[in-house]
Amino acid sequence: MSDQPAHAPYDALLLLSFGGPEGPDDVVPFLENVTRGRGIPRERLKEVGQHYFLFGGVSPINDQNRALLGALRKEFAEHGTDLPVYWGNRNWAPYLTDTLREIAADGRRRVLTLATSAYASYSGCRQYRENLADALAALEAEGVTPPRVDKLRHYFNHPGFVRPMADAVLAALAELPEAVREGAHLAFTTHSIPTAAADASGPAEGHGDGGAYVAQHLDVARTIAEAVREETGREHPWRLVYQSRSGAPHIPWLEPDICDHLEASHAAGVPAVVMVPIGFVSDHMEVKYDLDTEAAAKAAELGLPVARAATVGADPRFAAAVRELVLERAATERGEHPERCALGALGPSHDLCPVGCCPARAPRPAAAGADSPYA
């Protein structure tokens, strides 16, 4: 009987996130990192940064990642999983390259990556993989032998991600006035992306008409709505809507926008709406501003009662799901056939992103996929 740990062959977990400013002086430099190569003037970035300045120039995402790190380490320790957890960001400290350099210096050779994005899309998956490839190339250029890096499968339909959101919907419904609670509609929200990017999301055989991005969100929304119906005995009408559009107006993006949906719902006589941000792991800026500030203001203007469901964040069930995903992938790498948990109709996602999955406009190397130069 083998005495290797259940997480072998992996010897580290990397929490990979977007990053965010932690003070007013960080806002414009952070936005310069995010928009590098697009030629956006600094004055325009100052205008965009007003969302952050409303919150003291601090994005909540870094503290939320610290909380998730704590939850993961606690979960691992309580279950005897002796796997160190590191944290690196794409756009702010701790930077991904610095974290991978630390991982290499610590002698770690096989790393699993948990990205704080649960769904398939270029910006939610492949771009993270491109950033990993860039960081690994930087280490090689320094003469550092980089670790091998893999990525956990998409976890959008894992029970540890879905069930906390279903409970959050029930809690949000309870916040509404009793007179409008029973007739409340559910608005499942996620980040809008260009329709062309949505159509090309996921494996190539599924491209077209929203691709994997829309299909995965619809499946999660349907699963949560059914869980709420089973718990309450009431059928709450629902729709998938979008938020946080940031592109040029002439480029088609996924619609309807949450504020437009609130207006249409009010005009149709809907008594109340629960906003459910299923596209986001934590209550970061796009939730705190675009929903809690902008959409809430629109609802108040309309006189439409709204409540907002919490995101998963550092829920212990999500931390447990991550541990399960780590052990699942480790067992698969060892040639075993572990149970792969998933709710809804789509089943568990792939471990290895295939060639042509969520392609970029211009080809770039991407790690942790079938086309990785760092296999």
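The values are calculated or read from the model by the stated rules, or taken from the named source; none is laboratory data. This one's a predicted model, so the numbers in the text were calculated from it and none came from an experiment. Quick reminder, even Gly has a Cβ in these numbers, built from the backbone with ideal geometry, and neighbours come from all protein chains shown.
Would you check if residue 48 is surrounded by 13 or more Cβ atoms within 10 Å (Cβ to Cβ), aliphatic (A, V, I, L, M), out of contact with any Phe, Trp or Tyr (no Cβ under 8 Å at 6 or more places or on another chain) and within 21 Å of residue 287 (Cβ to Cβ)? Before you say what the answer is, go through the steps one by one.
Working: surrounded by 13 or more Cβ atoms within 10 Å (Cβ to Cβ): yes; aliphatic (A, V, I, L, M): yes; out of contact with any Phe, Trp or Tyr (no Cβ under 8 Å at 6 or more places or on another chain): yes; within 21 Å of residue 287 (Cβ to Cβ): yes.
Taking the combined requirement at face value, the residue satisfies it.
If a residue counts only when it is out of contact with any Cys (no Cβ under 9 Å at 6 or more places or on another chain), among the hydroxyl-bearing types (Ser, Thr, Tyr) and crowded, with 22+ Cβ neighbours inside 10 Å, which helices (runs of 4 or more DSSP H) contained entirely in segment 220-321 have at least 1 such residues? Break it down stepwise before answering.
Numbers: elements: 258-267, 285-288, 296-302.
Hits in segment 220-321: 258-267.
What is the one condition in (1) touching a residue at least 40 places away in the same chain (Cβ under 8 Å); (2) within 20 Å of residue 124 (Cα to Cα); (3) of a type outside the set (Lys, Arg) that residue 275 does not satisfy?
Here residue 275 clears every test but (2).
Filter segment 65-89 down to the residues that are among the small types (Gly, Ala, Ser) and part of a helix (DSSP H, G or I) and list them by number.
At the first step, the residues of segment 65-89 found to be among the small types (Gly, Ala, Ser) are 67, 70-71, 77, 80, 88.
Matches in segment 65-89: 67, 70, 71, 77.
Is at least one residue of segment 3-18 modelled with pLDDT under 95, outside the structural domain of residue 134 (by TED's automatic domain parsing) and over 21 Å from the mean Cα position of the chain (by Cα)? Quick ask: steps written out before the conclusion?
So the first thing to find is which residues in segment 3-18 are modelled with pLDDT under 95, and the list is 3-4.
So of that shortlist, the ones also outside the structural domain of residue 134 (by TED's automatic domain parsing) come out as 3-4.
Checking the rest, the ones that are also over 21 Å from the mean Cα position of the chain (by Cα) come to 3-4.
So far as segment 3-18 goes, yes, one or more of its residues are modelled with pLDDT under 95, outside the structural domain of residue 134 (by TED's automatic domain parsing) and over 21 Å from the mean Cα position of the chain (by Cα).
Give me the pairs: first residue in segment 123-138 and within 26 Å of residue 199 (Cα to Cα) and assigned by TED's automatic domain parsing to the domain that holds residue 110, second residue at pLDDT below 95 and charged (D, E, K, R), beta-carbon distance under 7 Å, and six or more apart or on different chains, which are they?
Between residues of segment 123-138 that are within 26 Å of residue 199 (Cα to Cα) and assigned by TED's automatic domain parsing to the domain that holds residue 110 and residues that are at pLDDT below 95 and charged (D, E, K, R), the close pairs are 130/364.
Can you say whether residue 132 is outside any loop (DSSP other than H, G, I, E, B) and among the aliphatic types (A, V, I, L, M), as far as the supplied structure shows?
Details: outside any loop (DSSP other than H, G, I, E, B): yes; among the aliphatic types (A, V, I, L, M): yes.
When the stated conditions are applied, residue 132 passes them.
Can you go through 169, 111, 144 and tell me which one is β-branched (Val, Ile, Thr), buried (at least 20 other Cβ atoms within 10 Å of the Cβ) and outside any helix (DSSP H, G or I)?
Numbers: 169 fails: outside any helix (DSSP H, G or I); 144 fails: buried (at least 20 other Cβ atoms within 10 Å of the Cβ).
Sole residue among the options that is β-branched (Val, Ile, Thr), buried (at least 20 other Cβ atoms within 10 Å of the Cβ) and outside any helix (DSSP H, G or I): 111.
Looking only at segment 350-375, count how many residues are farther than 19 Å from residue 197 by Cα and among the small types (Gly, Ala, Ser).
Initial filter on segment 350-375 (farther than 19 Å from residue 197 by Cα): 350-352, 367-368, 370-375.
From what is left, the residues that are among the small types (Gly, Ala, Ser) are 367-368, 370, 372, 375.
The number of residues fulfilling the criteria is 5.
Scan segment 25-32 and give yes if some residue there is surrounded by fewer than 20 Cβ atoms within 10 Å (Cβ to Cβ), in contact with a strand residue (DSSP E or B) (Cβ under 8 Å, 6 or more places away or on another chain) and at pLDDT 95 or above, otherwise no.
no
For segment 352-373, what are the residues that are under 18 Å from residue 114 (Cα atoms), in contact with a Leu (Cβ under 9 Å, 6 or more places away or on another chain) and surrounded by fewer than 18 Cβ atoms within 10 Å (Cβ to Cβ)?
Answer for segment 352-373, where residues must be under 18 Å from residue 114 (Cα atoms), in contact with a Leu (Cβ under 9 Å, 6 or more places away or on another chain) and surrounded by fewer than 18 Cβ atoms within 10 Å (Cβ to Cβ): just 370.
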